[in-house]
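Read-outs: derived from the displayed coordinates by stated rules, not from any lab. What you see is a predicted model; the values in this text were computed from it and never measured. Glycine gets a Cβ as well: all are built from the backbone with ideal geometry, and neighbour counts include every protein chain shown.
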Amino acid sequence: MGPEVLWCVQELVAVGKADKLKGYELVKAVHLDAKPWSVDDELLTPTFKLKRPQLQKKYQVVLDAMYSGLKE
């Protein structure tokens, strides 16, 4: 995890703890993508709703790595 991502996770955890969230509700990992999602790359509908199957297909490797990192 790069320093920007680590900082982001730490900030999200701090906010969650301040709001008295449970441990399972706190953010454990984040993936930041430099390219915004768009309708043109078919990750959003014309009304800017998420196309979840396409997003999962695009980020499956990232998701798997995040979940495997949580088990360690």
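To keep it simple, each residue is scored yes or no on (1) in a helix (DSSP H, G or I); (2) surrounded by 12 or more Cβ atoms within 10 Å (Cβ to Cβ); (3) out of contact with any Ser or Thr (no Cβ under 6 Å at 6 or more places or on another chain).
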{"residue": "VAL5", "(1), (2), (3)": "yes, yes, yes"}
{"residue": "GLY16", "(1), (2), (3)": "yes, yes, yes"}
{"residue": "LEU21", "(1), (2), (3)": "no, yes, yes"}
{"residue": "LYS28", "(1), (2), (3)": "no, yes, yes"}
{"residue": "LYS35", "(1), (2), (3)": "no, no, yes"}
{"residue": "VAL39", "(1), (2), (3)": "no, yes, yes"}
{"residue": "THR47", "(1), (2), (3)": "no, no, yes"}
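Applying the selection to region 49-72, what residues are exposed (fewer than 10 other Cβ atoms within 10 Å of the Cβ) and either hydroxyl-bearing (Ser, Thr, Tyr) or part of a helix (DSSP H, G or I) (or both)? Before the answer, list the steps.
First, the residues of region 49-72 that are exposed (fewer than 10 other Cβ atoms within 10 Å of the Cβ): 49, 52-53, 61, 68, 70-72.
Those that are exposed (fewer than 10 other Cβ atoms within 10 Å of the Cβ) and either hydroxyl-bearing (Ser, Thr, Tyr) or part of a helix (DSSP H, G or I) (or both): ARG52, PRO53, VAL61, SER68, LEU70, LYS71.
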